[in-house]
Amino acid sequence: MVATPIGNLEDVTARALRILREVSVIAAEDTRHSSRLMQHFGIQTPLLACHEHNEREQGSRFIARLLEGQDVALISDAGTPLISDPGFHLVRQARAAGITVVPVPGACALIAALSAAGLPSDRFAFEGFLPAKEAARKARLALIKEEVRTLIFYEAPHRVLATVADLANVFGGDRAAVLARELTKSFETLKSLPLSELRAWIENDTNQQRGECVLLVGGWVAPVGEDAVDGNAERVLDILLAELPVKQAAVLAAEITGVRKNLLYQRALSKQAR
Ligand code: SAM
């Protein structure tokens, strides 16, 4: 599993180049795309296609080669294979067949973005690509709204504005966010703004809707003091919600626990959205 650069070719490792030269064959997501990389580094190893659509059947051919004792390197178009890229089925098949699978680490857009974003990096959740359709995207976001870890998304340039708008709507416009665009390339940009401001910034500068990008969002921070819904209030609300309509459940839960009615109502609505 050989990582290749995500833009800047200087990011290829010395070990990756040696292995790409030494193996019998390179399994590549897009052979035309990767042949440019091979040409640049003067690597003549044959390239064979291994992409999303042929990975399962092509996989057995690679396994056969490996069982004969040949070495096969897997690369994707950019970065680390398997990270929002093909390779999972091949790795699983290879390991099941007792073949040694060796990671040759290198560039990965989500790690590069996280390393420079200035958001908490001790715990994070990589969410890959969100659904392309708005309703499905919002439903997915509602499920992770209260995730406390830093959230990382990959996004296509033509969807970045819509996605940041949905993030602001579902998570609230104040949540800290970073747009990491064109990493390691000439127009590299890392912009930190609260979600609502980031949305406006992207909207007003169409250049920000071009190129490749990673979106990072700060984790949910539980409200404290007046705005807190403690465990007990949460439990009472859950019990009442199982039996009653949202409004009635919120009113009763407020009477029982002393927590503000509006807060419990909002809480109940967000629970229902999940
Ligand atoms: N396997 C790759 C990796 O290790 O990062 C990711 C492949 S995925 C198909 C492509 C997505 O990764 C892009 O849509 C973008 O979200 C992100 N990406 C890749 N290169 C990037 C770059 N130079 N700057 C920002 N994001 C990048």
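The values are calculated or read from the model by the stated rules, or taken from the named source; none is laboratory data. What you see is a predicted model, and the numbers here were worked out from it, not measured in a lab. Backbone-built Cβ (ideal geometry, glycine too); neighbour counts: all protein chains shown. Please note that ligands, DNA and RNA were not included when accessible areas were found on the heavy atoms of the full protein model with its side chains. Shrake-Rupley method; radii C 1.70, N 1.55, O 1.52, S 1.80 Å.
Quick rundown of the values:
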{"read-out": "Amide H contacts of Ala3 (H built 1.01 Å from N, under 5 Å, at least 5 apart or other chain)", "value": "Val104, Gly106"}
{"read-out": "At R0 = 25 Å, FRET efficiency that the Cβ-Cβ distance of Gln248 and Lys133 yields, to 0.05", "value": "0.15"}
{"read-out": "Selection of GluC sites (Glu not before Pro), the range 103-166, meeting DSSP coil and at most 14 other Cβ within 10 Å", "value": "Glu146"}
{"read-out": "Lysine-lysine proximity count for the chain, Cα under 30 Å, sequence distance 8 or more or distinct chains", "value": "15"}
{"read-out": "Cleavage-rule hits (trypsin sites (Lys or Arg not before Pro)) in the range 114-149: DSSP loop, at most 10 neighbouring Cβ within 10 angstrom", "value": "Arg123, Lys133"}
{"read-out": "Extension gain from Ser115 to Arg21, taking 0.36 nm per residue of separation minus the Cα-Cα distance", "value": "30.8 nm"}
{"read-out": "Against the rule of thumb 2.2 N^0.38 Å, how large the Cα Rg of the chain comes out", "value": "1.26"}
{"read-out": "Efficiency of FRET between Arg61 and Ala162 - r from beta-carbon atoms, R0 30 angstrom, step 0.05", "value": "0.15"}
{"read-out": "Percent accessible area from carbon and sulfur atoms, the chain, protein chains only, probe 1.4 Å", "value": "51 percent"}
{"read-out": "Among beta bridges that DSSP assigns inside the chain, antiparallel share in %, nearest 5", "value": "60 percent"}
{"read-out": "Cβ-based charge dipole, the range 19-167, positive-most Cα from Met38, Gln70, Leu90", "value": "Leu90"}
{"read-out": "Per residue accessible area in Å² of the range 225-273, where ligands, DNA and RNA are left out and the probe is 1.4 Å", "value": "62 Å²"}
{"read-out": "The chain: most fluctuating residue of Gln209, Gln39, Gln93 per GNM, C-alpha cutoff 10 Å", "value": "Gln39"}
{"read-out": "Contour excess over end-to-end distance, with Cα ends at Arg92 and Glu146 and 0.36 nm allotted per residue", "value": "16.2 nm"}
{"read-out": "Cα-centred dipole magnitude for the range 9-96, charges only on beta-carbon of K, R (+1) and D, E (-1), debye, nearest 20", "value": "240 debye"}
{"read-out": "Helical contribution to [θ] at 222 nm, DSSP H n ≥ 4, -39,500 (n - 2.57), averaged over the chain, rounded to 500", "value": "-13000 deg cm²/dmol"}
{"read-out": "Top of Ala78, Ala233, Ala142 by mean-square fluctuation, Gaussian network on the chain, Cα under 10 Å", "value": "Ala233"}
{"read-out": "Of Asn207, Asn54, Asn262, the one that fluctuates the most in a GNM where the chain has Cα springs shorter than 10 Å", "value": "Asn262"}
{"read-out": "Longest site-free stretch - the chain; sites: chymotrypsin sites (Phe, Trp or Tyr not before Pro), DSSP loop, at most 15 other Cβ within 10 Å", "value": "42-186"}
{"read-out": "Solvent-accessible area per residue, Å², over the range 1-76 with all protein chains present [probe radius 1.4 Å]", "value": "55 Å²"}
{"read-out": "Rounded to whole Hz, the Karplus (6.51, -1.76, 1.60) HN-Hα couplings of the range 83-94, x for glycine and proline", "value": "8, 6, 8, x, x, 4, 5, 5, 4, 5, 4, 5"}
